[in-house]
1. Taking the range 147-157, which residues are in a helix (DSSP H, G or I), in contact (Cβ under 8 Å) with a residue 24 or more places away in the chain and more than 29 Å from residue 21 (Cβ to Cβ)?
2. Kindly list, by first and then second residue, each pair from a residue in the range 228-244 that is more than 16 Å from residue 297 (Cβ to Cβ) to a residue that is in a helix (DSSP H, G or I), limited to pairs with Cβ atoms under 6 Å and residues at least 6 apart or on different chains.
3. State the number of residues belonging to the range 234-245 that are surrounded by fewer than 17 Cβ atoms within 10 Å (Cβ to Cβ) and of a type in the set (Gly, Ala, Ser).
4. For residue 237, only one of the following conditions fails: (1) modelled with pLDDT of 85 or more; (2) in contact with a Ser or Thr (Cβ under 9 Å, 6 or more places away or on another chain); (3) assigned to a helix (DSSP H, G or I). What is its number?
5. Return only the number of the condition from (1) of a type in the set (Gly, Ala, Ser); (2) surrounded by fewer than 22 Cβ atoms within 10 Å (Cβ to Cβ); (3) assigned to a helix (DSSP H, G or I) that residue 194 does not satisfy.
6. All but one of (1) of a type in the set (Val, Ile, Thr); (2) within 25 Å of residue 74 (Cα to Cα); (3) modelled with pLDDT under 90; (4) not in a helix (DSSP H, G or I) hold for residue 267; which doesn't?
7. Which of (1) modelled with pLDDT under 85; (2) within 35 Å of the chain's Cα centre (by Cα) does residue 296 not meet, given it meets every other one?
8. For the condition among the polar types (S, T, N, Q), under 21 Å from residue 204 (Cβ atoms) and outside the structural domain of residue 253 (by TED's automatic domain parsing), what is the one hit in 140, 129?
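The values are calculated or read from the model by the stated rules, or taken from the named source; none is laboratory data. It should be emphasised that the depicted structure is a prediction, and the values quoted were computed from it without experimental measurement. All Cβ positions, glycine included, derive from the backbone under ideal geometry; neighbour counts span all protein chains shown.
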Amino acid sequence: MSTEGGLKAVFAALLANVGIAISKFVAFAFTGSSSMLSEAIHSVADSGNQVLLLVGNKRSHKPADEHHPFGYGRRRYVYGFVVAIVLFMVGGLFSLYEGSHKWQNPEPLNDWWIAVLVLVIAIVLESFSFRTAIREANRSRGKRSMLKFVRDARQPELPVILLEDFGALIGLIFALLGVSLAVITGNGRFDALGAMAVGTLLVVIAIFLAMEMTTMLVGESALPEEVDAIRAALEASTGVLRVIHLRTMHVGPDELLIGAKIAIAHTGTGAQIADAIDAAEKSLRAAVPSARYVFLEPDIERTPSLPQGD
């Protein structure tokens, strides 16, 4: 999966959301629409989240040191988790609060056409951002479905942007429906329902994102196809008879820690064993470039003893 592709999607989403947020606040000032205010806060939260993803990516490149011997790659997961919390607290809960407040105290919309115009323009801009994220995802996901790609991704930026943009588009449609129904019926509570629908959507997305980032923080293994490639590379190396045990873990989105116990012939000398380990590591790194930390433990291949006759 391409980290560069994820960052490209982040930049595209950031540019779109900053412009959209400004236009939504202007529209809210004229209309007083709860759906519009919820969408404006949503865009502010999204913009802040994209900045957090960029900061997390930059800070993850700090070199390894004595206190963090495996580097700082997991900072990207930490910032991804913070993004989920911000989306939940600032976007989701605020929208639910604003919607419930306007439900209890409905107000007519002023200059409603401004809200509709801004929402339509926002849908167009978000569609461009979402298209960029989908295009970058298609380059990386292979034969996986989009949902499986999001679940399997080890780089947090692109899945976060995909979900944010998807949520933004659906939220804009909810807001547009709320405003339109409020204008058609003259009942401001439809606008409040639009805000609450936006809030509910954001809470669901935030919970899903938080769960995904949590598994990454705990330490996920390599993808199944990467595990197969690691095993095949080791077992194809001269001097390696088979892989006895294999463990993998992401210490960062683009960095794998690999520990394996490999079986070697019992007739090998110390020098031959060392050469076999070096060759196996070289083959492994060629097959899986993200293999950053590799630890191979040789063990003697023991042929099971045959049962003795009477």
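1. Kept after step one, since they are in a helix (DSSP H, G or I), are these residues of the range 147-157: 147-152, 157.
In the following step, the residues that additionally are in contact (Cβ under 8 Å) with a residue 24 or more places away in the chain were identified as 150-152, 157.
Within the range 147-157, 151, 152 meet the criteria.
2. From residues that are more than 16 Å from residue 297 (Cβ to Cβ), the pairs are 229/287; 233/283; 233/284; 233/287; 238/279.
3. Qualifying residue count, the range 234-245: 1.
4. Condition (3) is where residue 237 drops out.
5. (2)
6. (2)
7. It fails just one condition, (1).
8. 129
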